[in-house]
Amino acid sequence: MKTQVAIIGAGPSGLLLGQLLHNAGIANIIIERQRPDYVLSRIRAGVLEQGMVDLLRKAGVSQRMDIEGLPHHGFELALKGRRVHIDLAGLTGGKAVMIYGQTEVTRDLMAARQEVGAQTVYEASDVQLHDMKGAQPYVTFIKDGETCRLDCDYIAGCDGYHGIARQSIPAGVLQTFERVYPFGWLGILADTPPVNEELVYATHERGFALCSMRSPTRTRYYVQVDAEDKVEDWSDDRFWNELKARLPADLAERLVTGPSIEKSIAPLRSFVVEPMQYGKLFLVGDAAHIVPPTGAKGLNLAASDVSTLFDILRKVYEHGRTDLLERYSAICLRRVWKAERFSWWMTSMLHRFPDADPFTQRMQQTELDYFVSSAAGRTTIAENYVGLPYEAVDPSND
Ligand code: APR
Ligand code: PHB
C-alpha cells in the first residue's frame, strides 16, 4: 500500500486530520487498532472552543453539530455556595463555546470519511513505524493475520496517550514533563434534564464537582474522588448524594437524579513531550500531551495541533514549502503549554488537595476570590476558556 500521509489512530485527531487532508486532495490512510464501535463507545469531554467549531465547519463536518450543539455564552463557578457567573461572550468580545460530545464529533467524522470513501484500516495489530528519519518512511501492521506495509511521505501519530507513535521515537530524544494529581474524577451520564442552563464548576470542602450536559435531556456530572477509589465503590445513590452535598443549596434542590447510563473514573494528569516531532513523524493530540479535564482543553488542543499540521502539509504539497515542517513542534507547543497552564490552574484552584496545609488552603481560596472579584481576573479565565488563538504557520504569507 502507498499513500501520502499515514495516520495512526482513528480518534478525533486522526479523523479530523484525515478529513481536512482528503478535502485538500492529499491522500491519507488511517491505521486504527480498535473496531469502530469500540472507538465510539468512549465517553469523553463535550466542550468545543470556537477555534475547533470553525475547524469542523472548514472540514465540512459541522451539519449535525450546528443543529444539535448547544452554544454556551457563559459558565458558573460555585464557590462554597456562592454562584459566580463567568460571562464568556461579554468578557471576550462575543466568543462562546459549543456543547457537543466528543463521541458525536467522532461519529460525524467517521460518517464523513465513509461518505468520501477514504480508507481506514480498523483492527490493525502490531503497528510499527519505520525510517522516520529517512527519505521514505513506512508503517507495518498485521490485519487479518497478514503483515501489511504502508509506504508514505509523512506519518501523523494520532494514537493517543497509550499509542505506539510516541514510543517509536528513540530513547533520549524526547523530554517529558508530567504531574499526576492525587485524585480522580468519577463521571456519570444520565438521561435527566440539566440542573442549570450553563455548566457549573463547584468547589467545596468535600471536593470538586462539575455539572455538565450533552443535550437538553442528557447530563454529564462529575465528582472528585480519591485516586484509589473504584467505580464499584460508587452506587448511583452515593454519587447523587455526594454531588448534592457539594452544590449550592438552590442547585442541589433542583437536581433531577436518575439511573446512570455510564459511570467511570478517570485519573488526572498533566503531561507534555518535547519536541512533538521526530523526522517525518508528527505527534498530534493526546499522543503528545494530556491535560486534566478541568479546563475542557484536551480535545481542543488536539484540534489546534491538527490545524497546524494540516496548514503545514497543505503548503508542503501545494507550494513545496518543506521548510515549514520543522516549525510544527514549536508552533504547537506554545499553545499546548498555555492550555496546560490553564488546566493546571483550574485544577489547582477548584480541587481539595489531601496534603494542603492551612496556609496553602487559604492561598487557594484567596486566589480564587481575587480572580472572580476582579474584572481582569474574570477576563483571564474567560479568554482561556473560550480558547487562545491558533498561530499562523507562515505569518508573512497567510
Ligand atoms: N495503533 C493504532 N491505533 C492506535 C494504537 C496503535 N498502536 N494505539 C492507540 N490507537 C488508537 C486508539 O484506539 C484511539 O482510537 O488511537 C486513537 C487515539 O484516540 P484518542 O485517545 O481519542 O486521542 P486523540 O484522537 O488525540 O483525541 C484527543 O482529547 O479530550 C481529549 O482524551 C480526549 O480522546 C481525546 C483527546
Ligand atoms: C464534560 O461535559 O464531559 C466536561 C465538561 C467540561 C469539562 C470537563 C468535562 O471541563
What is the spin-label model distance, in nm, from Arg362 to Asp250 if the labels are put 7 Å beyond Cα along the C-beta direction? 3.1 nm
Would you work out what percent of the accessible area of the stretch 259-398, with all protein chains in place, is carbon or sulfur (probe 1.4 Å)? 56 percent
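Quick check: at a probe of 1.4 Å, how many percent of the accessible area of the stretch 142-229 sits on carbon and sulfur atoms?
46 percent
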Principal axes of the chain: Cα extent on each, largest first, Å: 62, 47, 43
Be a star and scan the stretch 325-348 for residues whose amide nitrogen sits under 16 Å from the point 7 Å along the Cα-to-Cβ vector of Ala24. 325-329, 331-332
Determine the sum of side-chain charges near Leu325: Lys and Arg each +1, Asp and Glu each -1, restricted to other residues whose C-beta is under 10 angstrom from that of Leu325. +2
Per principal axis, descending, Cα span of the stretch 27-96 in whole Å: 49, 29, 20
At a Cα cut-off below 23 Å, give the lysines reachable from Lys143, other chains included and same-chain residues fewer than 8 away excluded. Lys2
Carbon and sulfur %, accessible surface of the stretch 1-79 computed with the full protein complex present, 1.4 Å: 53 percent
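With a 1.4 Å probe and every protein chain left in place, work out the accessible area per residue of the chain in Å², rounded to a whole number. The partial results should precede the final answer.
Values: 17020 Å² over 398 residues.
Here the residues of the chain average 43 Å² of exposed surface.
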Using all C-alpha to C-alpha distances in the stretch 1-64, build P(r) with 5 Å bins and read off the rounded percent in each one. 4, 15, 23, 24, 21, 11, 2, 0
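From the convex hull of the Cα coordinates of the stretch 1-131, what is the mean projected area in square nanometres?
Working: hull surface 44.1 nm².
Over all viewing directions, the stretch 1-131 projects a mean Cα-hull area of 11.0 nm².
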So what is the diffusion coefficient of the stretch 61-152 in µm² per second by Stokes-Einstein at 4 °C and 1.567 mPa s, using a Kirkwood Rh over Cα pairs? 73 µm²/s
Sparsely packed trypsin sites (Lys or Arg not before Pro) within the stretch 221-263, loop by DSSP, other Cβ within 10 Å at most 14: Lys230
Directionally averaged shadow of the stretch 110-247, computed from the convex hull of its alpha-carbon atoms, nm²: 13.7 nm²
Please report, ordered by residue number, every helix of the chain (full DSSP H runs) that is 18 Å or longer along its axis going by C-alpha atoms and whose mean Kyte-Doolittle hydropathy reaches -0.5. 298-319, 328-350
Among Val200, Val272, Val84, whose mean-square fluctuation peaks in a Gaussian network model of the chain (Cα, cutoff 10 Å)? Val84
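Hey, can you rank 369-376, 322-329 by average C-beta count inside 10 Å, highest first?
Details: 369-376: 12.4, 322-329: 16.2.
Ranked from most to least packed, the peptides come out as 322-329, 369-376.
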Normalised contact order of the chain, rounded percent, pairs of Cα under 8 Å and 6 or more residues apart: 20 percent
Helix-derived mean residue ellipticity, 222 nm - over the chain, DSSP H n ≥ 4, -39500 (n - 2.57), to 500: -11000 deg cm²/dmol
Tell me the volume per residue, in Å³, of the convex hull enclosing the alpha carbons of the stretch 309-351. 50 Å³
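Of the listed pairs Lys244/Lys338; Lys133/Lys315; Lys58/Lys95; Lys95/Lys297, which have alpha-carbon separations greater than 25 Å here? Don't skip to the answer; put the middle values down first.
Numbers: Lys244/Lys338 33 Å; Lys133/Lys315 21 Å; Lys58/Lys95 18 Å; Lys95/Lys297 16 Å.
Correct reply: Lys244/Lys338.
The values are calculated or read from the model by the stated rules, or taken from the named source; none is laboratory data. The structure displayed is predicted, hence computed values, not measured ones. FYI the Cβ positions are ideal-geometry reconstructions off the backbone, even for glycines, and counts take in every protein chain you see. In case anyone asks, the SASA skips ligands and DNA or RNA and just uses the protein heavy atoms, side chains included. Shrake-Rupley method; radii C 1.70, N 1.55, O 1.52, S 1.80 Å.
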